[in-house]
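The next block holds one structure in the form of structure tokens; read it before the comments.
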Amino acid sequence: MTHSLEPSAFAPEPKPGSPWRWALLDVEGTEATSTHSETTFSSQSDAESWLGETYGELLTEGIEQVTLYEGDAEVYGPMSLRP
């Protein structure tokens, strides 16, 4: 018996104009609550610039890793905030 992957097994394609957001993760990789949990961006560039300016503050809030999403589609991550 062979099994094929159904299209639903893949991450959804982002819809045009979907907001970009960072999933903020603790050391175990669990999504964590932060003062920035609801922050969204209009572009990948804006999201990445914001992260570069804010990562130190995120670390002090216990955020250790981030994953970037466009809408519900994972773009990349998890990525450590530590050097």
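The values are calculated or read from the model by the stated rules, or taken from the named source; none is laboratory data. This one's a predicted model, so the numbers in the text were calculated from it and none came from an experiment. No Cβ is skipped: glycine too gets one built from the backbone with ideal geometry, and neighbour counts run over all protein chains shown.
Quick rundown of the values:
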| item | result |
| --- | --- |
| Filter result for the condition that a residue is among the charged types (D, E, K, R) and surrounded by fewer than 15 Cβ atoms within 10 Å (Cβ to Cβ), over GLU64, GLU28 | GLU28 |
| Some residue of segment 43-66 being assigned to a loop (DSSP other than H, G, I, E, B), out of contact with any Gly (no Cβ under 6 Å at 6 or more places or on another chain) and at pLDDT below 90 | no |
| Qualifying residue in segment 3-19 (condition: at pLDDT below 95 and touching a Ser or Thr at 6+ places or on another chain (Cβ under 9 Å)) | yes |
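Results for (1) basic (Lys, Arg); (2) over 21 Å from GLY17 (Cβ atoms); (3) in contact with a Cys (Cβ under 9 Å, 6 or more places away or on another chain); (4) without any contact (Cβ under 8 Å) to a residue 40 or more places away in the chain, shown as yes or no for each residue.
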| position | (1), (2), (3), (4) |
| --- | --- |
| THR33 | no, yes, no, yes |
| SER45 | no, no, no, yes |
| SER49 | no, no, no, yes |
| TYR55 | no, yes, no, yes |
| LEU68 | no, no, no, no |
| ASP72 | no, no, no, no |
| TYR76 | no, no, no, yes |
